Amino acid sequence: MLTSPEALFAIAGMAIVTLLVKAGGLLLADRLPRHGFAASWLRHIPGAVLASLVAPAIVTGSAAELLAALATALVFFVTRNLFAAMAAGVAGVYFARLALGI
Amino acid sequence: MHAPAPPASWTLDQFFAGARACIPVAISVAAYGIVWGVLAKQAGLSLFEVALMSGLVFAGSAQFVALDLWTATPASLPIGPLILAALIVNLRYLLLTATLRPLFRSNEMPRGTAMMWLVTDENWAMTVGEMAKGRGTPAFLLGGGVLAWCCWMASTVSGRLLGSIIDDPTTYGLDFAFTATFLALLLGMWKGRGDLIPWLVAAIAAIAAARLIEGSWYILIGGIAGSLAGAVAERMRVRADQS
């Protein structure tokens, strides 16, 4: 079975709404004033979104992720290298989970 | 107080710099792509449908949600709910792409709008990290997007072809590759005490939302709460300085 008209409709629809949302953010930002409150708000979005992406994955109730996050931060402050920080985090969470028996 | 428009450099150098910057997270993208491909086979997607969805929709979390709704028989496929779920899961991209506006000059907006298709959490994060340092170009964003697209396409198709149960990414700690990279990026964006309030509010709101609400709402909720808190705090400081 290659595909069906229903599946094609569903996939096309999903692709269109996804693209509309992605393009919508850029186009809405184009309408916002470049000064004042709106500009301050836009400037604070990247940090806030990154913090939101990261925080629930670190504070999981288990110590493994907290320890791995500490290792990531430590290696990043010493090396200033993203790849090294990522490797420290992955190795850290792997060994911490092994040690804690998760 | 306004961010200067960065030079519009559509160079190959910037393209490859963007692709290189995304390599750490591409590993994690590929690990999840393989898992998605395996699950897609179990959900009844054909190889063609896997390639089509990965290539066109190109949004990991929306595609995972779609598998819960997918049915092997076309007649019972819930087309409306599938589209609605993709819309809801991807709403957070409104926030992400809004921050990319300074990358483009006014006359580059049509091209920029088309490029938004290739925006993912990964190349967005790397690009805003660059922008925070006064760098960052459309080509940088594009390079990361093309790398992420190729990784996602190759890994989801491989997973569909393998089709067997392979290990969960958590086994090797690969689930933490995103978290660790984004954490390091966030730390690199620290500019001073003005960042403390938005980041803390975002983190607390996201943790609470993740516990209370199913799905990826926590990113949108934390992102909006944190950025508004940051803007309010900044305005209050400005007003205090003036008086």
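Order B:147-157, B:118-128 from most to least packed using the mean count of other Cβ atoms within 10 Å. Please list the in-between numbers first.
On the way: B:147-157: 21.2, B:118-128: 24.7.
Averaged packing, sorted descending, gives the order B:118-128, B:147-157.
Can you list residues whose amide H is under 5 Å from A:Asn81's amide H, if they're 5+ apart or on another chain and H is modeled 1.01 Å from N?
Amide H neighbours of A:Asn81: none.
So how strong a dipole does the protein assembly as shown carry about its Cα centre when Lys and Arg Cβ are +1 and Asp and Glu Cβ are -1, to the nearest 20 debye?
980 debye
Between chains B and A, what is the buried accessible area in Å², counting both sides, with a 1.4 Å probe and ligands, DNA and RNA left out, to the nearest 100?
Working: alone 13740 and 8360 Å², together 15460 Å².
What B and A bury together is about 6600 Å².
For the protein assembly as shown, what is the convex hull volume of the alpha-carbon atoms per residue, in Å³? Mind showing how you got there, number by number?
Details: hull volume 47.0 nm³, N = 345.
Normalising the Cα hull of the protein assembly as shown by residue number yields 136 Å³.
Please give the contour-minus-distance gain from B:Phe64 to B:Arg237: 0.36 nm per residue of separation, less the Cα-Cα distance, rounded to one decimal in nm. Intermediate results must be reported in sequence, preceding the final value.
Values: separation 173, 0.36 × 173 = 62.28 nm, distance 4.29 nm.
Between B:Phe64 and B:Arg237, full extension yields an extra 58.0 nm.
Report, to two decimal places, the Cα Rg of chain B normalised by 2.2 N^0.38 Å (N = number of residues).
Numbers: Rg = 19.4 Å, N = 243, 2.2 N^0.38 = 17.7 Å.
Cα-based Rg divided by the globular estimate yields 1.09.
Filter the DSSP H helices in chain B by two things, a Kyte-Doolittle mean of at least 0.5 and an axial alpha-carbon span of 20 angstrom or more, and list the hits by number.
Working: long enough: B:23-43 (29 Å, 1.44); B:138-162 (35 Å, 1.23); B:175-188 (21 Å, 1.69); B:196-212 (24 Å, 2.04); B:217-242 (38 Å, 0.45).
The qualifying helices are B:23-43, B:138-162, B:175-188, B:196-212.
Hey, got the Cα dimensions of region B:191-243 along the principal axes, in Å, largest first?
Largest first, region B:191-243 extends 45, 16, 13 Å along its Cα principal axes.
Find the accessible area per residue for region B:41-88; the probe is 1.4 Å, ligands and nucleic acids are left out, and the unit is Å². Write down the numbers at each step before the final one.
Working: 1910 Å² over 48 residues.
Heavy-atom SASA per residue in region B:41-88 reads 40 Å².
For B:Lys133, list the lysines whose Cα falls under 23 Å from its own Cα; do not include residues on the same chain fewer than 8 positions away.
Qualifying lysines at Cα under 23 Å: B:Lys191.
Take every residue in peptide B:54-67, count the Cβ atoms of other chains within 10 Å of its Cβ, and give the average of those counts.
Details: counts 1, 2, 7, 10, 4, 6, 0, 0, 5, 2, 0, 1, 3, 0.
The per-residue average across the peptide is 3.
Which whole number gives the average, over all residues in B:80-88, of C-beta atoms from other chains lying within 10 Å of the residue C-beta?
On the way: counts 3, 1, 8, 10, 3, 2, 9, 7, 2.
Averaged over the peptide's residues, the number is 5.
Please give the Cα centre distance for region A:56-72 versus region B:160-199, rounded to the nearest Å.
11 Å
How much of the accessible area of chain A, in percent, comes from carbon and sulfur atoms when a 1.4 Å probe is used? Could the numbers behind the result be given before it?
Values: 3680 of 4890 Å².
Ligands and nucleic acids excluded, carbon and sulfur give 75 percent.
Averaging the inverse of every distinct alpha carbon separation and then flipping it gives the Kirkwood radius. What is it for region B:102-243, in angstrom units? Working shown, then result.
Working: mean 1/r = 0.0556 Å⁻¹.
Kirkwood radius, region B:102-243: 18.0 Å.
Determine the shielding of peptide B:98-106 by partner chains: average, over its residues, the number of Cβ atoms on other chains within 10 angstrom of each Cβ.
Details: counts 12, 10, 5, 10, 4, 1, 2, 0, 1.
Mean partner shielding for this stretch: 5.
Taking just the alpha-carbon atoms of region A:62-102, what radius of gyration and Dmax come out, in angstrom?
Rg then Dmax for region A:62-102, in Å: 9.9, 31.
First measure r as the distance between the Cβ atoms of B:Asp13 and B:Trp117, then evaluate 1/(1 + (r/R0)^6) with R0 = 22 Å and state the FRET efficiency to the nearest 0.05. Present the calculation step by step, with values, prior to reporting the outcome.
On the way: r = 23 Å, r/R0 = 1.04.
In this case the efficiency is close to 0.45.
The values are calculated or read from the model by the stated rules, or taken from the named source; none is laboratory data. In this text the structure is predicted, and so the values were computed from the model without any measurement. All Cβ positions, even for glycine, are placed from backbone atoms using ideal geometry, and neighbour counts span all protein chains on display. Areas reflect the complete protein model, heavy atoms only, side chains present, ligands, DNA and RNA absent. Shrake-Rupley method; radii C 1.70, N 1.55, O 1.52, S 1.80 Å.
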